[in-house]
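Student: Please see the structure below; I have some questions.
The values are calculated or read from the model by the stated rules, or taken from the named source; none is laboratory data. Bear in mind the structure is a predicted one, so any value in this text is a computation, not a measurement. Glycine gets a Cβ as well: all are built from the backbone with ideal geometry, and neighbour counts include every protein chain shown.
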Amino acid sequence: MSAEATNPGAPLRKRSRPRIDLRRLGRVALLGPVSRDRLPDAIGHVAEAHRAHCPDADLTILRRAYLLAETSHRGQMRKSGEPYITHPLAVTLILAELGAETTTLTASLLHDTVEDTEVTLDQVREEFGDEVCYLVDGVTKLEKVDYGAAAEPETFRKMLVATGNDVRVMSIKLADRLHNMRTLGVMRPEKQARIAKVTRDVLIPLAERLGVQALKTELEDLVFAILHPAEYAHTRSLIAAWEDAQPPLTEIAESVRSTLREAGVAAEVLIRPRHFVSVHRVRMKRGELRGTDFGRLLVLVGEDADCYAVLGELHTCFTPVISEFKDFIAAPKFNLYQSLHTAVVGPEGAVAEVLIRTHRMHKVAEAGVVALGNPYTADGATEPADGERADPTRPGWLSRLLDWQESATDPDTFWTTLRADLAQDREITVFRTDGGTLGLPAGASCVDAAYAQYGHEAHGSIGARVNGRLATLSTVLNDGDTVQLLLAQDASSGPSPEWLDHVRTPAARIAITGWLDAHPAGAQGPHGRAAEPRPQAQPADDAATGRGRTDSRPASVAVDTPGAPVRLAGCCTPVPPDDIIGCTVRGGTVTVHRTECPAVARMKAIGRAAVGARWNDTGDWTDTADYRVTLVAESFGRPRLLADLTEAIATADAAIVAATVEPPSEQRVRHTYTLQLPDAAGLPGLMRAMRDVPGVYDVSRAQQPATTV
């Protein structure tokens with residue numbers, strides 16, 4: 001049967017609706033079903049709460065669900081001595097008070113019938129339809145007889161997969177866990193601790209991600225009381241003392257009401273007490289609590305524009321603490337949360353935090369996805385071609401979780417990775433060069449981005465360009481970055497063990513670990529992994545030089561700025577007899593481009609001065625037999641790489657005058673060639689041919705010629 005729970009200490013805060021007396025519900029439930037033409041008294045509170053949010057709701061299906069649940073659970077008792085029916089009633093009441101729609105409440109009444117009674121899923125489907133059956137099945141635990149120690153992680157896996165199609169599954173599970181945590185005291189201390197830890201590591205993060213703050217905050221307090229009883233007791237005493245005194249927030253709240261009233265802004269101003277864990281966190285952060293630290297002001301208005309009107313009045317009539325201002329209306333959190341956050345200085349220097357939101361925002365902030373009702377009746381809901389339901393409320397973090405869990409076939413790996421994934425508390429968005437986006441946890445690296453975009457093909461990752469610049473795979477990405485992943489063409493490439501030091505996403509960690517386990521020797525060998533290219537030094541002006549390098553004969557170009565350093569631009573690789581022009585960049589260096597190079601137009605557009613440039617030798621360069629250039633090829637080690645590069649050079653009719661090959665560094669190899677070209681104009685084609693060699697990721701002009709043959 002479902003886990004049992006007792007409240008370790010009722011919160012001191014006053015609630016808008018008193019908690020239902022479950023013993024009274026139990027006595028009513030023991031009387032059995034009533035006549036079928038009226039609602040059973042035992043679910044009268046559920047009906048009242050439901051009608052408060054959904055005045056036109058048809059309660060007939062709830063009556064039928066209650067009658068089935070009461071009949072099937074009759075004779076079963078909780079460890080507290082109450083009839084078992086009080087549990088599904090309490091869970092359903094929690095959801096009804098949050099504003100859940102009728103289908104969710106129906107499934108909630110029945111959520112333990114298939115698990116704990118003789119009722120089958122087929123019976124539920126026949127009596128209540130496919131949606132209710134899906135929700136009940138989603139929260140039904142897997143049997144320990146069949147799964148043993150893997151029953152709990154596999155139950156959560158099943159539940160998460162079901163949540164991917166319908167978030168209401170997790171809504172019911174969260175309410176179920178909340179009621180069990182409220183009555184956990186009848187369990188042995190060790191079992192209380194085990195359940196509290198799972199709640200802390202899995203259920204509370206899921207409640208946060210789904211935006212159900214009302215459940216999340218109470219779960220946090222209940223876990224706090226069980227796992228940290230001394231700190232909980234101390235915090236409770238501090239809150240009790242604050243409630244007995246005259247809170248300084250009262251005076252500030254009245255000042256805010258007067259200010260908004262005089263400004264003609266219709267608003268409701270409330271004092272919102274912090275819950276126990278929140279007070280404890282503030283105390284740990286500041287050391288000593290101020291009177292205003294025990295709560296925050298909540299200002300509720302009708303429209304979005306009114307939120308900003310309130311903000312303007314507060315910042316005009318009070319001294320604002322600018323560092324505390326956050327606009328989660330223009331940029332909502334990933335869990336649907338919207339509010340304006342600010343802080344103002346009240347009388348005698350007291351600082352009060354203020355939350356400003358509409359009534360609708362407040363409902364969503366408290367109930368999250370529960371407040372959205374049935375996502376499949378909302379405007380814009382679609383039915384995919386494959387018949388699988390598409391949930392418009394399904395967030396990116398859930399999609400990522402569902403993707404990686406398929407690779408975590410081992411229950412222990414899944415369970416450990418799930419907890420680590422849910423420990424991530426913020427998301428970033430990075431842009432792909434093909435126009436797509438990737439949602440990643442804060443702190444994610446290019447390795448994470450590679451696996452998020454390419455899956456197992458990311459094993460061949462060799463580097464990245466972040467915001468246009470070459471970067472190592474270990475580079476940490478920031479919100480709004482643009483990333484282009486570079487993959488090796490050599491199929492034998494694989495990940496390095498060091499990649500595991502830089503990953504934050506479970507999908508990447510599982511894929512890398514799996515490859516390394518399957519290639520224990522290759523992971524350490526010369527061809528077993530792709531290493532990261534070291535970032536290349538950037539010139540003073542990227543737009544002008546395109547990572548250009550000066551060639552071995554910079555004096556062959558004369559410019560109209562005597563004494564200025566001269567650099568041939570790598571973006572267009574000018575060679576005689578190209579028409580050329582110079583552009584002055586930062587530091588006074590003149591970069592020399594082909595006249596038709598797009599960079600020239602860009603430089604002129606931003607006001608950079610054009611400088612006359614010309615080749616010193618004015619003869620027929622196409623007949624020159626000794627034009628020399630030094631090129632550097634950056635590549636990754638593989639068999640036959642040197643042979644393929646020299647073949648590409650020979651095909652371009654270039655002669656190798658000198659060459660050096662540096663020792664491999666993390667599988668990266670640098671080849672430097674001094675070449676003699678029969679036709680200087682063939683240089684761009686030669687460089688392209690060298691870049692096309694598999695494993696080569698860059699070819700550029702060298703500053704000095706090679707000296708070793």
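Student: If we scan the stretch 642-650, do we find a residue that is farther than 30 Å from Pro495 by Cβ and modelled with pLDDT of 85 or more?
Tutor: The answer is yes, given that some residue of the stretch 642-650 is farther than 30 Å from Pro495 by Cβ and modelled with pLDDT of 85 or more.
Student: Right, another one. Do we have Glu208 as more than 19 Å from Leu93 (Cβ to Cβ) and either free of Cβ contacts under 8 Å to residues at least 24 places away in the same chain or not hydrophobic (A, V, I, L, M, F, W, C) (or both) here? Give the steps one after another, and end with the answer.
Tutor: On the way: more than 19 Å from Leu93 (Cβ to Cβ): yes; either free of Cβ contacts under 8 Å to residues at least 24 places away in the same chain or not hydrophobic (A, V, I, L, M, F, W, C) (or both): yes.
For Glu208, the condition - more than 19 Å from Leu93 (Cβ to Cβ) and either free of Cβ contacts under 8 Å to residues at least 24 places away in the same chain or not hydrophobic (A, V, I, L, M, F, W, C) (or both) - is met.
Student: Let me ask another. Could you say whether any residue in the stretch 457-472 is within 24 Å of Arg419 (Cβ to Cβ) and not hydrophobic (A, V, I, L, M, F, W, C)?
Tutor: No: zero hits.
Student: Can Thr358 be described as in contact with a helix residue (DSSP H, G or I) (Cβ under 7 Å, 6 or more places away or on another chain), crowded, with 19+ Cβ neighbours inside 10 Å and within 22 Å of Ala100 (Cβ to Cβ)? Talk me through it step by step, then tell me what you get.
Tutor: On the way: in contact with a helix residue (DSSP H, G or I) (Cβ under 7 Å, 6 or more places away or on another chain): yes; crowded, with 19+ Cβ neighbours inside 10 Å: yes; within 22 Å of Ala100 (Cβ to Cβ): yes.
Yes, satisfied.
Student: Scan the stretch 217-237 for residues that are within 25 Å of Arg290 (Cβ to Cβ) and among the β-branched types (Val, Ile, Thr) and jot them down.
Tutor: If the condition is that a residue be within 25 Å of Arg290 (Cβ to Cβ) and among the β-branched types (Val, Ile, Thr), then Thr217, Thr235 are the ones that fit.
Student: Can you pull out the helices (runs of 4 or more DSSP H) entirely within the stretch 92-152 that have at least 1 residues that are in contact with a Phe, Trp or Tyr (Cβ under 7 Å, 6 or more places away or on another chain), in the same structural domain as Ala47 (by TED's automatic domain parsing) and within 23 Å of Gly44 (Cβ to Cβ)?
Tutor: Numbers: elements: 102-109, 113-116, 121-128, 130-139, 144-147.
Because the criterion is at least 1 residues that are in contact with a Phe, Trp or Tyr (Cβ under 7 Å, 6 or more places away or on another chain), in the same structural domain as Ala47 (by TED's automatic domain parsing) and within 23 Å of Gly44 (Cβ to Cβ), the helices (runs of 4 or more DSSP H) in the stretch 92-152 that meet it are 102-109.
Student: Then there is this: Output the residues belonging to the stretch 249-269 that are loosely packed, with under 15 Cβ neighbours inside 10 Å and without any contact (Cβ under 8 Å) to a residue 40 or more places away in the chain.
Tutor: Thr250, Glu254, Ser258, Arg261, Glu262, Gly264, Glu268
The rows are residues; the columns are (1) assigned to a helix (DSSP H, G or I); (2) free of Cβ contacts under 8 Å to residues at least 12 places away in the same chain; (3) of a type in the set (Lys, Arg); (4) buried (at least 22 other Cβ atoms within 10 Å of the Cβ).
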{"position": "Tyr451", "(1), (2), (3), (4)": "yes, no, no, yes"}
{"position": "Gly455", "(1), (2), (3), (4)": "yes, no, no, no"}
{"position": "Gly463", "(1), (2), (3), (4)": "no, no, no, yes"}
{"position": "Ser474", "(1), (2), (3), (4)": "no, no, no, no"}
{"position": "Asn478", "(1), (2), (3), (4)": "no, no, no, no"}
{"position": "Leu485", "(1), (2), (3), (4)": "no, no, no, yes"}
{"position": "Pro495", "(1), (2), (3), (4)": "no, no, no, yes"}
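Student: Now a separate question. In this structure, does Leu219 turn out to be in the same structural domain as Phe156 (by TED's automatic domain parsing), buried (at least 22 other Cβ atoms within 10 Å of the Cβ) and either more than 29 Å from Lys79 (Cα to Cα) or modelled with pLDDT of 95 or more (or both)?
Tutor: Against the criterion (in the same structural domain as Phe156 (by TED's automatic domain parsing), buried (at least 22 other Cβ atoms within 10 Å of the Cβ) and either more than 29 Å from Lys79 (Cα to Cα) or modelled with pLDDT of 95 or more (or both)), Leu219 qualifies.
Student: Among the numbered criteria (1) under 26 Å from Leu184 (Cα atoms); (2) assigned to a helix (DSSP H, G or I); (3) free of Cβ contacts under 8 Å to residues at least 12 places away in the same chain, which single criterion is violated by Gly81?
Tutor: (2)
Student: Quick check on the stretch 326-376: of everything there that is touching a strand residue (DSSP E or B) at 6+ places or on another chain (Cβ under 7 Å) and of a type in the set (S, T, N, Q), which residue is modelled with the lowest pLDDT?
Tutor: Across the stretch 326-376, the extreme among qualifying residues is Gln338.
Student: Something else now. Consider Arg628 carefully, then state whether it is within 26 Å of Arg567 (Cβ to Cβ) and modelled with pLDDT under 80.
Tutor: Numbers: within 26 Å of Arg567 (Cβ to Cβ): yes; modelled with pLDDT under 80: yes.
The answer is yes for Arg628.
Student: Turning to a different aspect of this structure: With the structure loaded, tell me whether Gly75 is on the phi > 0 side of the Ramachandran plot, surrounded by fewer than 20 Cβ atoms within 10 Å (Cβ to Cβ) and out of contact with any strand residue (DSSP E or B) (no Cβ under 7 Å at 6 or more places or on another chain) or whether it fails that test.
Tutor: Details: on the phi > 0 side of the Ramachandran plot: yes; surrounded by fewer than 20 Cβ atoms within 10 Å (Cβ to Cβ): yes; out of contact with any strand residue (DSSP E or B) (no Cβ under 7 Å at 6 or more places or on another chain): yes.
When the stated conditions are applied, Gly75 passes them.
Student: Would you be able to tell me the number of residues in the stretch 117-151 that are over 21 Å from Leu62 (Cβ atoms) and crowded, with 18+ Cβ neighbours inside 10 Å?
Tutor: Adding up the residues that qualify gives 2.
Student: Right, another one. Please work out which residue is modelled with the lowest pLDDT, limiting yourself to the stretch 388-437 and to residues that are in a helix (DSSP H, G or I) and of a type in the set (Gly, Ala, Ser). First the steps, then the outcome.
Tutor: As a first pass, look at the stretch 388-437 and keep what is in a helix (DSSP H, G or I): 396-405, 411-422.
Filter again for of a type in the set (Gly, Ala, Ser), leaving 396, 399, 420.
Numbers: Gly396: 66, Ser399: 76, Ala420: 78.
Checking each candidate, the answer is Gly396.
Student: If the requirement is being among the aliphatic types (A, V, I, L, M), in contact with a Cys (Cβ under 6 Å, 6 or more places away or on another chain) and modelled with pLDDT under 90, which of these qualifies: Ala491, Ala452, Ala464, Ala442? Before the answer, list the steps.
Tutor: On the way: Ala491 fails: in contact with a Cys (Cβ under 6 Å, 6 or more places away or on another chain); Ala452 fails: in contact with a Cys (Cβ under 6 Å, 6 or more places away or on another chain); Ala442 fails: in contact with a Cys (Cβ under 6 Å, 6 or more places away or on another chain).
That would be Ala464, the only listed residue that is among the aliphatic types (A, V, I, L, M), in contact with a Cys (Cβ under 6 Å, 6 or more places away or on another chain) and modelled with pLDDT under 90.
Student: Of all the residues that make up the stretch 109-166, how many are within 30 Å of the chain's Cα centre (by Cα), over 24 Å from Ser407 (Cβ atoms) and aromatic (Phe, Trp, Tyr)?
Tutor: Summing the residues that are within 30 Å of the chain's Cα centre (by Cα), over 24 Å from Ser407 (Cβ atoms) and aromatic (Phe, Trp, Tyr) in the stretch 109-166 gives 1.
Student: Please find, among Arg194, Arg209, Arg261, Arg236, the residue that is among the basic types (Lys, Arg) and closer than 21 Å to Leu297 by Cβ.
Tutor: Exactly one residue qualifies, and that residue is Arg261.
Student: Which one of the conditions (1) over 30 Å from Ala442 (Cα atoms); (2) at pLDDT 85 or above does Asp293 fail to meet, given that it meets all the rest?
Tutor: Tallying (1) over 30 Å from Ala442 (Cα atoms); (2) at pLDDT 85 or above, Asp293 fails exactly one: (1).
Student: Further question on the same structure: Restricting to the stretch 238-248, give me the number of residues that are in contact with a Leu (Cβ under 7 Å, 6 or more places away or on another chain) and surrounded by 12 or more Cβ atoms within 10 Å (Cβ to Cβ).
Tutor: 3
Student: Further question on the same structure: Would you check if there is a residue in the stretch 185-193 being within 31 Å of the chain's Cα centre (by Cα) and closer than 28 Å to Leu336 by Cβ?
Tutor: No, that holds for no residue.
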